[in-house]
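Undergrad: Shown below is the structure under consideration.
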2 protein chains.
Amino acid sequence: MSTSETSLATSPLSVDELNRIDAYWRAANYLTVGQIYLLDNPLLRVPLTPEHIKPRLLGHWGTSPGLSLIYAHLNRCIKARDLDMIYVIGPGHGGPAIVANTWLEGTYPELYPSVGHSEGGMRELFRQFSFPGGIPSHVAPEVPGSIHEGGELGYSLSHAYGAAFDNPELTVACVVGDGEAETGPLAGSWMSNVFLNPVTDGTVLPILHLNGYKIANPTVLARISDEDRISFFRGCGYEPYLVEGDHPADVHQQMAATLDVCFDRIAEIRTDARRHPNVPPRPRWPMIILRTQKGWTGPSEVDGAPVEGTWRAHQVPLPQVRTNAEHLAQLEAWMRSYRPEELFDATGKPEPELLGLPPEGTARMSANPHANGGLVLRDLVLPDYRDYGVDPRGHGTTLGEATRELGAWLRDVIGSNPDRFRLFGPDEIASNRLGAAFETTDRQWEAELLPTDLNQAPYGRVMEVLSEHQCEGWLEGYLLTGRHGLFTSYEAFIHIVDSMFNQHAKWLDSCNHIPWRQPIASLNYLLSSHVWRQDHNGFSHQDPGFIDHVMNKKPSIVRVYLPPDANTLLSTMDQVLRSRQYVNVVVAGKQPELQYLNMEEAVRHCERGLGIWEWASTDDGESPDVVLACAGDVPTLEVLAAADLLRAHLPDLKVRVVNVVDLMRLSPDTEHPHGLGDRQFDTIFTADKPVLFAYHGYPTLIHRLTYRRTNHENIHVRGYKEEGTTTTPFDMVMLNDLDRYRLVMDVIDRVPGLGANAAGLRQQMVDARHAAREYTRSYGEDIPAVAGWSWPH
Amino acid sequence: MSTSETSLATSPLSVDELNRIDAYWRAANYLTVGQIYLLDNPLLRVPLTPEHIKPRLLGHWGTSPGLSLIYAHLNRCIKARDLDMIYVIGPGHGGPAIVANTWLEGTYPELYPSVGHSEGGMRELFRQFSFPGGIPSHVAPEVPGSIHEGGELGYSLSHAYGAAFDNPELTVACVVGDGEAETGPLAGSWMSNVFLNPVTDGTVLPILHLNGYKIANPTVLARISDEDRISFFRGCGYEPYLVEGDHPADVHQQMAATLDVCFDRIAEIRTDARRHPNVPPRPRWPMIILRTQKGWTGPSEVDGAPVEGTWRAHQVPLPQVRTNAEHLAQLEAWMRSYRPEELFDATGKPEPELLGLPPEGTARMSANPHANGGLVLRDLVLPDYRDYGVDPRGHGTTLGEATRELGAWLRDVIGSNPDRFRLFGPDEIASNRLGAAFETTDRQWEAELLPTDLNQAPYGRVMEVLSEHQCEGWLEGYLLTGRHGLFTSYEAFIHIVDSMFNQHAKWLDSCNHIPWRQPIASLNYLLSSHVWRQDHNGFSHQDPGFIDHVMNKKPSIVRVYLPPDANTLLSTMDQVLRSRQYVNVVVAGKQPELQYLNMEEAVRHCERGLGIWEWASTDDGESPDVVLACAGDVPTLEVLAAADLLRAHLPDLKVRVVNVVDLMRLSPDTEHPHGLGDRQFDTIFTADKPVLFAYHGYPTLIHRLTYRRTNHENIHVRGYKEEGTTTTPFDMVMLNDLDRYRLVMDVIDRVPGLGANAAGLRQQMVDARHAAREYTRSYGEDIPAVAGWSWPH
C-alpha cells in the first residue's frame, strides 16, 4: 500500500492553530443550524422557546458540517500558500453552510449590508434562509463565490474543470457528494483530467465527501470495499488520499496534513510541467476522499433512532422543534455544544481570532472574481465576418456549406482569442464541417498520442469528448468564470442536456436580479446535424424539439435562430458571440446547399430577423394572394422551389415569400423583446390571406408563437411530424409533407378561384411526389429534379 | 499481476473448430461489407462494376468485425453450455454486422422471407440496408434479437442489467463501445452490479470493445495506461479479462479461452450463490476487454492514409467506389479476401458447416423470446384498486395524500407479482410517500449492509440509485424483456432522461409497424414532487415541461394524466399498468390535499377523462356565464376555491367547473385517439363563453391542444410561467397568477355586465393577494385562509 491509500499520520497544526480552525468550524456549524431553525434569539441569550423557531423547517444539515470543514481548511491553505482558489460545491443543498462561511469571512455582509456582523445581522442571516422573501436553500447565484447551485446533481466536476481551463494559476476545489457520484454525468466526469493541461490550465482538486448516505439510502461508493474504491479512483487517473474519522481534532490534523501533501504535489506538477512543457503524459493529480459522518456534530439520536451518521441527518434532524419540547431542548443543547459564547462577542460579531483566520479581499473564495465571471470577462476580438462567407452570385444559384464557411471564421476567432474562447463538441466538430478550426488549433488531449493522430495535442482550443454532458458542463464552467465558447452537437441528441440547459437558464435568470452579479457571455449552441439531414441515421436521430424545450424558459434569456444559408449564419454567429446573459440556439445545416443572400443582404436580413424576399416573390410589393413563409434551411429551399413552380405554372398568382431567421420575431412584442408588433406582423403576413409556413421543427411551435395574431386562423404550418427513416433527403421532406410539391398543393387547396390550370397543376404535383418516391426506392437517391435547383432571378 | 490482467494463453479450439469459427466470422464480415456497398452481384460472380454499387454509401464498418467476432464466439458458448443468452450491442451503428449474423443463423429469413438463404435473398439483404424503403442502419427494432438500437449512445449496460433482473437463467452479453464508454450514463452504469442478485437475477457479461476510436478521435479508455484501465474496472467491481491482437487465429483462441473462463466463473458464482443464498457480499463478476483494430480486416490504407486501426474506418472506409476505379478494385479485393466461394454455395446459401455452427430455435440470440418481450409478457395480477383509496365524505372536506394511498395499492401489486414488477426511483420512493411498498419488500442492494439500514436487502422489488439515467435504462431493459414497472421521480429532473424517453418512444413507434414484435408493457412515469410543491427547493427545481416534451411524440404512443386526488390517481394507475406500448406520464401530488371524488365518481371521471363537476358548478346544467377549467391537483384546488368565492360573492353568476384528468382529451379526435370531437368539446367548454383554464404546466400547451376549437379565442390559460423561489405553496401559485384570487379577478375581467358588486369583489381580491403575501413574508407560512378549504356541498 502506498501512502496515498491510508490516512497521513502527521500533525501539522499546532495546538493553537488546531483550536482556531476548530473554533471557526464550530462557528460555521452554529450559523448553519441557526439558519435552518431560528427566527430570533440568534445568540441564545435566553433559553429557546417555540416562538424563536421557524414555522416551516427547511434546509439540509447532513452535508453541511463536511462542507464547512473543507472550507476552513482550504482557507488555511490559501493564506499559507497564497493560492487563487474557488470552491465548487457538488452537494449544493448545503447552502446554509456556505452562506455561513461567506458571512464569517465578511463577503456576505459587504454584499448584503443588512446581514452584517451584528446580532441584528445574524438574526437576519438566520431568518432569511429558506424563508419567504429570503434566500434559496441551495448554493444559488445569491451566494457569493458560487458558480454551481447543485440543486440538480451531477455537474460539479464538469463545472470545476471548465473553470480551470485557461486559468493556469487557478485552483478549483470541488466537493463531490457520494450521492451525486452515482449520477451518470458525474461518473463520466472523473476522467476530465485527460483534457486538462498542467501548463496552460489550472488545477481541479476533487474531494469526494463520503458521508455514506443520500436522501434515504446508503451510497454505492460508501459501501463497496476500500480496495475497490481506491482502485476506481486510481483508474480514473488520480492519487487518492484518505481523511477519515469521527474525532474533530484528529480529522483536522489529517485534513491539514493531506491538503499540504496535495498542494505540494500540485505545485510540483505545475512546476515540472511548466519547466518541461513538451513532456507528456498527464500527471497523476491528487484527490481526497473525506469520510466523515453525515450530520456530524448534530443530534446523535432523535426519538430513539440514530440520526448522526445516517440518512436521517439528511435534512432537518429534529423535525418537531416547535411542538415537541424534547426536540426543542435537543436543539438548544446542540447549538450550545458549539460554545457560541466563545465564537461571537456580545454584539454578535465573530471574535477577532475567527475574523483573522480567512484570507482577505479577493483571496476569499467568496470574493474570488473568477466566481463572478462577468468581472473578469473580456470581449472577444472578432474578425469582421463580412470578410468571410460566400458570394452567391445571384439568389440560389451556387452551392455552399454554411458551417464550412463558419468554420473559417471560427478558425480566426480562435486565433484571435487564444486565452478565452473554446469550441466544445461530442466528437462532431469535423463531422459538422468546422474542420477549418484545425488549421489553427488542435483538440486538447493529455493521454497517449500516436503518430497517426491528427489534430490531437496536449494543448488546443477544441474540446471533444463523446459526452454531451461533459461538453455542456465544461462550457458552463468556462462561461461562468468569464470566458466564451460554442457547443456544437447533433440536434436530436442535444436533448441529452435538456435539464442542464434548464439549470443554466434559471441561473442566468436569477443573476439578472442580483446587482453584484456581472453579465457573462451567452451559452451558445450550434445544432448542425439537424433533423432533416439525419436521413442516413434514421428515425432515432430525428428530433427538432430542443427549440420547444428552450422556448419554455423566460423570454429575457432565450434566443433561437434559423439562418438559411452561409452568410446569414455568419451574421447570426457574430451577434451570438457578442451577446451576454442569453442562451442562443442556432440551427444550421452542414450539407452543400443553395446560397441566397450576399453579405450585405444577409446583414440586413439578420438585423430585421425576418423579411419578405422580394426577389423570390411575385406580389410586386402589393397585396399577395398567398404567403409562403419559411424558417430553417431545408424549409427555405422547399418554399423557394414551390414559389418557382407556382411562378412557372400559375403566373398570375401573387406569391409572397417570407423568411424567418430569428424565431422570436414571431412572438408578440408584449411577450418577447424581439417580438414584432401586431401591425408589423400583419403588414408582412397579411391580415386575411392564406399563409403556408414551412418550418424546421414541430409545427405546433409556430402556432404557439402566432396564435394571437390577426391572421392566425389562416396560418397553416408544415414541419416535422415524427415521420422518418433511413432514406434520401427529399424523401424525408415528402414523408413529413414539407416538400415543394405538397406546398404547391397546399396553396392550390387554400387559395380560392384558381381555376382549371390549378387543378391540373395539383395533379402534376401528386404525380411528381409519386414519381419522386418511386425513383428513390428504385435508385437509392433523389430524383435529379430536386438535387439541384436554381432560382432564375 | 493476476491471470485476469493478461490474456489467457490456452488454445481451446481445435484446428477444425478454429477454421469453422473463422469461416463464420468471415461470412459475417463479407455480408456486412456487402450491405454497405452492393446493390447487385452479391456473390461476386463477375468483377465489380460501378453499377453494382449503391449510389449513397451509408453504414458503419469500423465496429462491425468486432461485433461479429463476439457473436460467433457467444454462439459457440450457447451451444456448448446450453445458455439462455441475449446480446445487447452498445455500438448500435454496427447494424449490418448484426443483421448479417441473424441472416446466417436463419432468423432473418424466417421473419423476412424475401431475404432468404439464396442469391436473390442475399441481393435483397445487401440492397435493403440503409436504402430508401429498406431497413435502418442501426440495430433498430427491425433487427431480430435487438432490444437496444444504440443510435444514441450510453444506455447499453443499463438496458442489459434491466434485462437481467428477475431473469435468473438469462445471460446478457453486452458490448460497450469505447466511444460510448465516455458518456455519462454509461460511466454511471458500470456499478449496476451493486444492484444485481446472483440468486434471483441473471448475469450481465460486459465486453468493452476497445477499438480505439470514435468518429474522429481516439477514445479515452484506449489511451490511458493498461494499469489504470484494469484498476478502473476492478474498482467497478469486475474481474477484467483481456483479449487483444491483430491475428485472427490468435484472437479466436484467446476469445474462446476467455469466454470459457468467464462462463465457468459465472456458473460458479450462480451455483455458490444459490447454494448459500443468504451470504453476501456481491461477487466479483467477470468482464472482457476486447482490444482489436477498428475496421479490422478492412482496407489497411486508402489513398495513402492508414484506415484499418484508425478513426477513418468508422463509417465507409472506401468512400468513392462508384467513381474511383482504384477504390472499386480495393473493395473487390477486400470482399474476396473473405473467400466467399468457401462460405456460400452456388445458390447463395451458406455452406452447411456454417449453418451448423449457431444454436437452433430460440437458443439463437436473434430468436430469444426475451428480446421480443411481448412474447414472454404476462399480465400483472392487479388487486382491485377500488378497495383502496379514501372516502372523501363529501367533495373536498377531508385531506389525503394521493401517493400515500397509491403506495398501499402498489405494495399489494408488488406482493401479487413477485417476479415481474419493480419500482424504480432516484432515491425518492419514500420521499414521494410510496413507503408502503416497504411493508412487503426492500430496496435491492448487494453491497455492504449495516445494522442501521432500513428496507435495504440483497433482494427487493425497489430499485433506487441516485441516477435518473440508471432508473430509466434499467426500467426500459426490464420492459423490453417482457416485464412491468413504474418510474417515480421529481418532475423537474425527469428532463434528465428527455432523450432516453425520445429513443424509447421512437422504438415503440417503430415496433407498431413490425408484425413480429409483440406489444410490451408501457413505460410509466409518476411525477410526484411536482413544480408547485418545490417551493422549499426553489426555482431550480421547478419545471413542468416534461409533458410538453412528451407531447411532441406520436399520439399513438403518448398519454398524459393529471389526477386531482387519491381515488383518481388510483384509477389512473390501474389503467396505466394495464396498458401496452405507450408512454404514460402521470403527475400527482404527494402532499396532504383535499379529496374530491369517492371511488365510484373517480372511476367514472377517469373513464371520461374530463368532465363537468356539477357539485362545484352553479350553472345547474344550463348555459354557464363562465367556465373554470382545471388540470392538475394544485390548479384544481385553486379553481374550486375560486368557484367558492364566486358563489359566495356573486351568487347569480353561473359558473361551470370542468376538471381534466386525461390531457389528451383536449386534442381534436382527428389528432389523438383520446381526443374529443368538436361538438362534445363545445358542449363542455361552450362555443362562446369565457373559459379560465388553470393548468398545472406551461400555459402554451393548453393553447396548443385547443387552438382549433370553436371557442379558442375565449380560452384564457393560467399556469407556470417560470416564476418561483423558496417560499410557501400559496405564494408559489400567487407568483404565477394561478391563485384563487387572481382567477376570480380574471372572471370579473372577462365576464361582461357583472356590475358594482363585482368591482368591489375585484378590489377585495387584490387586497387578499396583498394580505396573503404580507402574512407569508412576516410569518413564514401561508395565511390560514388558504391552508385548508372546504367545499360546502
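Undergrad: Over all directions, what mean area does the Cα convex hull of region B:87-246 project, stated in square nanometres?
TA: That works out to 11.0 nm².
Undergrad: Another question about this same structure. Stokes-Einstein D for region B:1-159 at 4 °C, 1.567 mPa s, Kirkwood Rh over Cα pairs, in µm²/s?
TA: 77
Undergrad: Another question, then. Please name which of A:Trp190, A:Ser778, A:Leu479 has its Cα lying farthest along the dipole of chain A towards the positive end, using unit charges on Cβ (Lys, Arg +1; Asp, Glu -1) and the Cα centre as origin.
TA: The Cα lying farthest towards the positive end belongs to A:Leu479.
Undergrad: Here is a follow-up. Which log10 I(q)/I(0) values, to two decimals, does the protein assembly as shown give at q = 0.04, 0.07, 0.08 Å⁻¹ under the Debye formula with one point per Cα?
TA: Listed by q, the Debye log ratios stand at -0.25, -0.82, -1.10.
Undergrad: Further question: Take the Cα atoms of region B:359-468, find their three principal axes, and give me the spread along each one in whole Å, biggest first.
TA: 65, 37, 23 Å, listed from the longest principal axis down.
Undergrad: Give the residue from A:Ala329, A:Pro392, A:Pro358 lying farthest towards the positive end of the charge dipole for region A:326-426; charges sit on Cβ (+1 for Lys and Arg, -1 for Asp and Glu) and the dipole is referred to the Cα centre.
TA: Looking along the dipole axis, the top candidate is A:Pro392.
Undergrad: Give me the net charge of B:Val390's neighbourhood, meaning all other residues with Cβ under 10 Å from the Cβ of B:Val390; Lys, Arg count +1, Asp, Glu -1.
TA: Its environment carries a net charge of -2.
Undergrad: Taking Cα atoms of region B:609-787, Rg/Rh with Kirkwood Rh, to two decimals?
TA: My calculation of the ratio gives 0.97.
Undergrad: A follow-up question, please. Thinking of region A:666-772 as a set of Cα atoms, what percent of all their pairs are more than 17 Å apart?
TA: Distances greater than 17 Å cover 61 percent of the Cα pairs.
Undergrad: Moving on. Note the distances from B:His276 to each other copy's matching label point, with points 7 Å along the Cα-to-beta-carbon direction, in nm, sorted shortest first.
TA: In ascending order, 5.0 nm.
Undergrad: Can I ask one more? Quick one: work out the % antiparallel among DSSP beta bridges in region B:15-356, nearest 5.
TA: 15
Undergrad: Could you tell me which trypsin sites (Lys or Arg not before Pro) in region B:307-387 are loop residues by DSSP with no more than 15 other beta carbons within 10 angstrom of their beta carbon?
TA: Sites meeting the loop and neighbour criteria: B:Arg378.
Undergrad: Moving to a separate point now. Quick one: dipole size for chain B, taken about the Cα centre, charges +1 on Lys/Arg Cβ and -1 on Asp/Glu Cβ, in debye to the nearest 20.
TA: Result for chain B is approximately 780 debye, rounded to the nearest 20.
Undergrad: Count, for each residue of A:720-733, the Cβ atoms from other chains sitting within 10 Å of its Cβ, then give me the mean as a whole number.
TA: 4
Undergrad: Would you kindly calculate the translational diffusion coefficient of region B:86-127, applying Stokes-Einstein with the Kirkwood radius from alpha carbon pairs, for 20 °C and a viscosity of 1.002 mPa s, and quote it in µm² s⁻¹ without decimals?
TA: 201
Undergrad: For every other residue with a beta carbon closer than 15 angstrom to the beta carbon of A:Pro144, add +1 if it is Lys or Arg and -1 if Asp or Glu, then tell me the sum.
TA: -3
Undergrad: Oh, and also: Send over the semi-axes of region A:385-593's equivalent ellipsoid, whole angstrom and largest first, taken as the square roots of 5 times the C-alpha gyration tensor eigenvalues.
TA: Taking √(5λ) for each Cα gyration eigenvalue gives 25, 22, 18 Å.
Undergrad: Of all DSSP beta bridges in chain B, what percent run antiparallel (nearest 5)?
TA: Around 20 percent of the beta bridges assigned by DSSP in chain B are antiparallel ones.
Undergrad: Rounding to the nearest 20 debye, state how big the charge dipole of region A:223-266 is about its Cα centre with +1 on each Lys and Arg Cβ and -1 on each Asp and Glu Cβ.
TA: 200
Undergrad: Copy-to-copy spacing for B:Ala249, label 7 Å out on the Cα-to-C-beta vector, in nm, shortest first?
TA: Here the equivalent label points are 7.2 nm apart from this one.
Undergrad: Show me A:354-360, A:407-413 ranked by packing, highest mean number of other Cβ atoms within 10 Å first.
TA: Highest to lowest by the protection proxy: A:407-413, A:354-360.
Undergrad: How crowded by other chains is B:142-154, given as the mean number of beta carbons from other chains within 10 Å of each beta carbon?
TA: 3
Undergrad: Let me ask something else. Run the numbers on chain B and let me know its relative contact order in percent, using alpha-carbon pairs under 8 Å that are six or more apart.
TA: Relative contact order of chain B: 11 percent.
Undergrad: Report, as a whole number in µm² per second, the diffusion coefficient that Stokes-Einstein gives for region B:215-323 at 20 °C and 1.002 mPa s using the Kirkwood radius over alpha carbon pairs.
TA: 127
Undergrad: Return, for the Cα atoms of chain A, the radius of gyration and Dmax in Å, separated by a comma.
TA: 30.3, 101
Undergrad: Might you report the magnitude of the Cβ-based charge dipole of the protein assembly as shown about its Cα centre, with Lys and Arg at +1 and Asp and Glu at -1, to the nearest 20 debye?
TA: 960
Undergrad: Something else: Mind checking which of A:Thr297, A:Ile78, A:Gln591 is farthest towards the positive end of chain A's charge dipole, using Cβ charges of +1 (Lys, Arg) and -1 (Asp, Glu) about the Cα centre?
TA: Projecting each Cα onto the dipole axis, the largest value belongs to A:Thr297.
Undergrad: Between Rg and the Kirkwood Rh of region B:15-356, both from Cα atoms, what is the Rg to Rh ratio?
TA: A ratio of 0.97.
Undergrad: With the convex hull built on the Cα atoms of region A:537-678, state its orientation-averaged projected area in nm².
TA: Directional mean of the projected Cα hull area for region A:537-678 stands at 10.1 nm².
Undergrad: What does the charge count around B:Glu182 come to, taking other residues whose C-beta lies under 9 Å from its C-beta (Lys +1, Arg +1, Asp -1, Glu -1)?
TA: Here the count lands on -2.
Undergrad: Using the structure shown, list the pairs from A:Lys590/B:Lys54; A:Lys54/B:Lys721; B:Lys79/B:Lys506; A:Lys214/A:Lys506 with a Cα-Cα distance above 32 Å, or answer none.
TA: Violating the 32 Å Cα-Cα cut-off are B:Lys79/B:Lys506.
Undergrad: Which distances in nm, rounded to one decimal and ordered from shortest, link the label point of A:Thr323 to the equivalent label points in the other identical copies, with labels set 7 Å from Cα toward Cβ?
TA: Its label point is 7.9 nm from the equivalent points in the other copies.
Undergrad: How far is the Cα center of region A:147-178 from the Cα center of region A:98-117, in Å?
TA: First find each Cα centre; the distance between them is then 23 Å.
Undergrad: Find the Rg to Rh ratio for region A:660-727, where Rh is the Kirkwood radius over alpha-carbon pairs and Rg uses the same atoms.
TA: My calculation puts Rg/Rh at 1.02.
Undergrad: How about region B:270-350: which GluC sites (Glu not before Pro) there are in a DSSP loop, with at most 12 other Cβ atoms within 10 Å of their Cβ?
TA: none
Undergrad: While we're here: If you take every DSSP beta bridge whose two residues both sit in the protein assembly as shown, what share of them, in percent to the nearest 5, is antiparallel?
TA: So the antiparallel bridges amount to about 20 percent of the total.
Undergrad: Ok, one more. Give me the inter-chain shielding for B:235-248: mean count of other chain Cβ atoms within 10 Å, whole number please.
TA: 2
Undergrad: Through the Karplus equation 6.51 cos²θ - 1.76 cosθ + 1.60, θ set to phi - 60°, convert the phi angles of region B:347-358 into ³J(HN,Hα) values in whole Hz; use x for Gly and Pro.
TA: Karplus values, whole Hz, x for Gly and Pro: 8, x, 7, x, 4, x, 6, 6, 4, x, 6, x.
No lab work stands behind these numbers, since they all come straight from the coordinates. In this text, all values refer to a predicted model and were calculated from it rather than measured experimentally. Cβ atoms come from the backbone with ideal geometry, glycine included; neighbour counts cover every protein chain shown.
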